Amino acid sequence: FSILSEKSDPGIIGTFGFHSGKDTDKFADVAYEMAEGMPVVKDSCGYVVCKVIDRMETATHTVFLGEVIESKVYENVPQM
């Protein structure tokens, strides 16, 4: 997953949060790089790539438990 900052383009939220990947190529207009075979958003604070090691079903969601296999903090992270 990519970690968005307060300065990340708000359009990213709309692209990834309100469109289905079945109908839309979510990365078509978003700058990204590949990490461990996964696309990660460049306009972010950084990312974490996980290997799914378990999943739990709830009434409304599937919760995944992951083992971190790679992570990165980008240098352009705004300081608080």
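The values are calculated or read from the model by the stated rules, or taken from the named source; none is laboratory data. Predicted model only: the values in this text are computed from it and were never measured. No Cβ is skipped: glycine too gets one built from the backbone with ideal geometry, and neighbour counts run over all protein chains shown. Note: areas computed on protein heavy atoms with side chains; ligands, DNA, RNA excluded. Shrake-Rupley method; radii C 1.70, N 1.55, O 1.52, S 1.80 Å.
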Answer in debye to the nearest 20: the dipole magnitude of the chain about its Cα centre, from +1 Lys/Arg and -1 Asp/Glu charges placed on Cβ, is 80
Ordering 14-21, 37-44, 52-59 by per-residue average of other C-beta atoms within 10 angstrom, highest first, gives 37-44, 14-21, 52-59
Listed by chain and number, the residues whose amide H is under 5 Å from that of Glu70, excluding neighbours fewer than 5 places away on the same chain and using placed H, are Val49
Rounded to the nearest 10 Å², the 1.4 Å probe accessible area of Lys26 is 50
Spelling it out for Gly46: with amide H atoms placed in the peptide plane at 1.01 Å from N, the residues 5 or more places away or on another chain with amide H under 5 Å from its amide H are Ile3, Tyr74
Treating every alpha carbon of the chain as one equal point scatterer without solvent, the Debye formula yields log10 I(q)/I(0) values at q = 0.19 Å⁻¹ of -0.99
HN-Hα couplings for the range 6-18 via Karplus (6.51, -1.76, 1.60; θ = phi - 60°), in whole Hz with x for Gly/Pro, come out as 4, 9, 5, 4, x, x, 4, 4, x, 5, 8, x, 10
Checking the range 1-41 for GluC sites (Glu not before Pro) in a loop per DSSP with at most 12 other beta-carbon atoms within 10 Å yields Glu6, Glu36
The ³J(HN,Hα) series, computed from each phi in the range 22-27 with the Karplus coefficients 6.51, -1.76 and 1.60 at θ = phi - 60°, rounded to the nearest Hz and given as x for glycine or proline, is 6, 10, 9, 7, 5, 9
The range 46-73 and the range 18-35 have their Cα centres apart by a whole-number Å value of 19
With Asp9 itself left out, Lys, Arg at +1 and Asp, Glu at -1 over residues whose Cβ is under 14 Å from its Cβ give 0
